[in-house]
C-alpha cells in the first residue's frame, strides 16, 4: 500500500464511524427496516420477544439481549456481519442499511480484495473508533499504519498461497502438456519398434 492508499483508507475509516457501537448498529437496522408506527409489534411478531422489551432497549433502559441481536440478524441476514463487526463485505452480500456507510467500501479496499483478513480490520476499526472518541489521532496513527501494512502484506501472501494451492490441486496447462508429450513419445517409441520388427531392435 502506498501513502495515498493509506490516507484514503484512513479517511474512509473516519467517515464510517457514524454507528460505532453494536447497540447503535442494532438500532440502525431496526430503524431502517421497520415502520416507525408499527415498529414494536413488527419486532415482537418476528422475534417472539415482547414489544415492551424492545422499547426498553430502544430507550436505553436495558442492554440488547443475545436473543434480540440474533432475531435482528436472522430477520435481516444481509446486515448480520455488519451488525456484530461494524464491517461490510459487499462481495459476499454482507452490507449495512442504506443510511449507513460501508467499510471497507468499494474502491478503497481494492488493495485488500482477494485476501481480506477480518480480524486485523476489526482491530483497525477499534483503534480508529478509540482515536476518534479520544480526539487523539497522533498517538494511534503509527499503530494504524502498521496494521494497514500488515493487512496489505497478508493479503498478498494469501493471494500467492491460494494461487500455489490451486496449481497443486489442478496441474497447470504446462504440466499437462509435458505429461501428454511424454505419453506421445512413449507411444511413438512403441510404434517405431513394432515397425522395425524384432530382428532390427
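Laboratory data are not the source of any read-out in this text; all were calculated from the coordinates shown. Predicted model only: the values in this text are computed from it and were never measured. Methodologically, a virtual Cβ is constructed for each residue, glycine included, from the backbone with ideal geometry; neighbour enumeration extends over all protein chains shown.
Couple of notes before you dig in:
- Set the Cα radius of gyration of the stretch 19-99 against 2.2 N^0.38 Å, with N its number of residues, and you get 1.03.
- Going from the residue with the fewest nearby Cβ atoms within 10 Å to the one with the most, 4, 27 rank 4, 27.
- From least to most packed, judged by other beta carbons within 10 angstrom and beginning with the fewest, 42, 70 follow the order 70, 42.
- Added length on full extension, which subtracts the Cα-Cα distance from 0.36 nm per residue, residue 122 to residue 63: 19.0 nm
- Sorted by Cβ neighbour density within 10 Å, fewest at the top, the residues 53, 37, 101: 37, 101, 53
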